[in-house]
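First up is the structure itself, then whatever we jot down about it.
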Amino acid sequence: MSVIAVLVKASLNPDMVRAEPDGSIDVSAIPLKISDIDRNAIEEAVRLKQRLGWKLVTVSVVTWGPVSARMKDVRLAVQESLAKGSDEAIVVADDALTPGDQTLTAKAIKAALERSGIKPQLILAGEATIDEVTSQVPGRLAALLGYSYVSFARKLEVEDGKVIAERDLEDYVEVVEAPLPAVVSVTQEINEPRPPTLLQIRRASRKPIKTFGLRELGDIGKPSRKLLEIKAIQARRKQVIIEGETLEEIAEKLIEALAKEGVLQL
Amino acid sequence: MKVLAIAYEVKDAGELAKAVKEFNGEADILAVSRAAEQVNEVARYSKRVYRLASKSPYAIYKALENLVERGGYQLLIAEGYRNLRDALSRLAGSLDLPMITDAYTIRILDGEKVLVERGFLSERAKMKVEVPLPAIVLFIPRFTEPLEPGEEGEVIELAPTEGPEKVLDVKPKAMGDVNLEEADIIVGVGRGFKAKEDLHLAFELAELLGGQVGCTRPIAADLKWLSEDRWIGISGKRVAPKLYIAIGISGSPQHMSGVQNAKIIVAINKDKSAPIFKQADYGVVADLYQFVPILIQKLKEKKAKG
Ligand SMILES: Cc1cc2nc3c(=O)[nH]c(=O)nc-3n(C[C@H](O)[C@H](O)[C@H](O)COP(=O)(O)OP(=O)(O)OC[C@H]3O[C@@H](n4cnc5c(N)ncnc54)[C@H](O)[C@@H]3O)c2cc1C
Ligand SMILES: Nc1ncnc2c1ncn2[C@@H]1O[C@H](COP(=O)(O)O)[C@@H](O)[C@H]1O
């Protein structure tokens, strides 16, 4: 049976960043959540699975450790994918692989698929994650597997052994055709992700999640990136809420404040 | 050390040459896409310029693979266009190279490692990282001033390789003629607006202030109410006006990273717990449909008085 794989990352949640007064950030205190655009990738994968009758597998690599402290968040992200229609999940989790980098993530995904004996015809990913925003894991994976690669797809069709997609670029849209097997990264505009129903969520808990550690994957190397420092970009804003009895009064006060700042030229 | 800079737009050549001058001295350039169309301009920033008349990610990937293997380049640098992210991520996978994106600054350590500062957490933070050479580094757009152009260098023509991905059609996007990067005042619109017609409120306000209208990603990319040259944020434009007035915008990190260099930020939002109020200098908690017409009226009165 043909398989679609969808890549889902439990990313650091940028909305939950707390900085110390000196700007330093404790990454281990930031909760993980499913990376926003992976929801679009899942939605698209489920739509294709239903139309083509293929099997859908979710793959996730734990990037932020320690694994024991992170597994709850990772499981939530993966279970969301299972609830929406993925049939099973593969999770790579090993403290030796954290903090991960994109080089290692792509290799881990490849190794985990191979160990599971899965050769997907199509691999869907998000255009970028919310923590790293690199747009590089899908392209790396395509090169490692020797698949064709279509990035930034905002429309996707699969037929007769090929994908036809609209790639959304800075100043033009390109319609491309590429043979399967292929990796496709999707943009936020490709669809409107639907939240899973309660019944779907309940059923998901019975679907299999296979977990791989480094021992099962064999030698895939180490992260080559050394993290030296993480500092918040401090938004030093005045945060003044302008209040008044009426909207007219508020408007006047606002105009006055902006004039005083020297940013109004009327 | 041998550095190869990839220019996608003509302006990249001067910017990348400036950066290289500071950390290494010189770089060869690969000109692709629009930079290849105006290769003579690009050639004024390097002694050796390769020209690849293509914007296909596969062709760029294969040309680079060849250049790296034959030319001994230790560092590849470029700006983060979508086609280059595509091409370079494939190259990174194929040659097993580290690749760092969204870089602001770069330093070479002992000719062996590269130290980069980059955006992290949708640019809520900066990350300092070190990777071994050879490596790929992509900068945020317009990260530096361009270098003064010099004499034209030698141009070497490369032939594009056909890949598995075939282009069936190309549709240019409708672009306005705004230049938000130059604007002193920007009125930003978000999904708080209920219909395209209602945006006239923002245009009227912007005109009164001598400013431009910008927007969040869904307004341009999803709803297509405005052209994409007005899209501000991590995947759109980065702007630095004196005044940014955000109307009906929630304050997502991906949008706010594009306006972090604004001098003053004003937020108009009807939800007093919207995250944007923590990232604004002045906040007005009100329905935009009630407040903006009054603000326009008051500004007009003020203007009439002189
Ligand atoms: C990888 C990635 C890259 C992204 N890149 C970008 C980017 O470059 N730029 C960008 O903008 N986004 C980007 N996004 C999307 C971003 O996460 C947000 O979804 C988006 O910025 C939200 O836009 P918004 O504020 O217009 O809409 P919403 O978040 O829906 O906010 C609408 C706001 O309007 C307020 N409102 C509603 N009605 C009224 C009213 N009558 N009067 C006043 N206020 C009202 C609401 O209270 C709400 O706060 C990116 C996302 C990802 C994952
Ligand atoms: N750790 C990971 N596990 C699974 N998929 C990932 C992981 N990291 C990245 N991806 C996939 O690659 C896409 C782009 O990620 P990035 O290259 O980090 O911007 C994401 O949207 C995911 O689909």
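A few notes on this one:
- B:M256 accessible area, assembled protein chains, probe 1.4 Å, Å²: 10
- With respect to chain B, whose longest principal axis is taken over its alpha-carbon atoms, helix B:288-305 is tilted by about 80°.
- Across A:T211, A:T134, the residue with the most accessible area heads the list, and the full order at a 1.4 Å probe is A:T211, A:T134.
- Legend: P(r) of the protein assembly as shown from all alpha carbon pair distances, 10 Å bins from 0, whole percents, reading 3, 17, 26, 26, 18, 8, 2, 0.
- The range B:31-141: antiparallel DSSP beta bridges as a percent of all, rounded to 5: 60
- On Cα atoms only, tilt of A:247-261 relative to the major axis of chain A in degrees: 90
- The residues of chain A have, on average, 43 Å² of accessible surface per residue, using a 1.4 Å probe with all protein chains present.
- Convex hull volume of chain A per residue (C-alpha atoms, cubic angstrom): 196
- Antiparallel bridges, percent of DSSP beta bridges restricted to chain B (to nearest 5): 25
- Listed cross-link partners B:K194/B:K298; B:K47/B:K113; B:K237/B:K298; B:K126/B:K171 are compared with a 28 Å cut-off, the Cα-Cα value being larger for B:K237/B:K298; B:K126/B:K171.
- Across chain B, Cα pairs under 8 Å and at least six residues apart give a relative contact order of 14 percent.
- If both residues of a DSSP beta bridge must be in chain A, then about 40% of such bridges are antiparallel.
- On the principal axes of its alpha-carbon atoms, chain B has extents of 67, 42, 38 Å, going from largest to smallest.
- Across B:M127, A:M71, A:M1, B:M1, the residue with the most accessible area heads the list, and the full order at a 1.4 Å probe is A:M1, B:M1, A:M71, B:M127.
- For the pair B:D184 and B:E26 in one chain, pulling the backbone fully straight at 0.36 nm per residue adds 53.4 nm over the alpha carbon distance.
- In order through the range B:272-282: 3J(HN,Hα) via Karplus (6.51 cos²θ - 1.76 cosθ + 1.60), integer Hz, x for Gly, Pro: 5, 9, 4, x, 4, 5, 7, 10, 10, 7, 10
- Distance between the C-alpha centres of the range B:229-305 and the range A:246-263: 14 Å, rounded to the whole angstrom.
- Two-site label geometry, B:L223 and B:E197: point separation in nm, points 7 Å out along Cα→Cβ: 1.4
- In chain B, a dipole from Cβ-located charges (positive for Lys and Arg, negative for Asp and Glu) runs towards its positive end, and of B:L288, B:V49, B:I6 it is B:L288 whose Cα lies farthest in that direction.
- Annotation: amide H of A:Y172 within the under-5 Å range of B:K173, sequence separation 5 or more or interchain, hydrogens built in the peptide plane.
- Ranking B:H255, B:H200 from most to least accessible surface, computed with a 1.4 Å probe over the protein chains only, gives B:H200, B:H255.
- Amide H to amide H distances under 5 Å link A:V57 with A:I4, A:A5, A:V6, A:D87, where only residues 5 or more positions off or on other chains count and H is placed in the peptide plane.
- Here the Karplus curve 6.51 cos²θ - 1.76 cosθ + 1.60, taken at θ = phi - 60°, turns the phi angles of the range B:218-228 into couplings of x, 5, 8, 7, 9, 7, 6, 6, 9, 6, 6 Hz, with x standing for Gly and Pro.
- Farthest toward the positive end of the dipole of the range A:103-195, out of A:F152, A:L122, A:A108, is the Cα of A:A108, where the dipole comes from beta carbon charges about the Cα centre.
- Across peptide B:130-140, the average count of Cβ atoms from other chains found within 10 Å of a residue's Cβ is 2.
- For A:D171, the accessible surface of its heavy atoms amounts to roughly 50 Å² (probe 1.4 Å, protein chains only, rounded to the nearest 10).
- For the range B:180-305: rounded, prolate or oblate by the Cα gyration tensor [a/c cutoff 1.5]: rounded
- Potential lengthening of the chain between A:R47 and A:L198 amounts to 52.4 nm, from the contour at 0.36 nm per residue minus the alpha-carbon distance.
- FRET efficiency estimate (nearest 0.05) - Cβ-Cβ, B:K305 to B:N261, R0 45 angstrom: 0.90
- Calculated from backbone phi, Karplus (6.51, -1.76, 1.60) coupling profile of the range B:54-65 in Hz, x at Gly/Pro: 7, 10, 6, x, 5, 4, 5, 4, 5, 4, 5, 4
The values are calculated or read from the model by the stated rules, or taken from the named source; none is laboratory data. Given the structure is predicted, the values throughout are model-derived calculations rather than measurements. All Cβ positions, even for glycine, are placed from backbone atoms using ideal geometry, and neighbour counts span all protein chains on display. Surface accessibility is based on the protein's heavy atoms, side chains included, excluding ligands, DNA and RNA. Shrake-Rupley method; radii C 1.70, N 1.55, O 1.52, S 1.80 Å.
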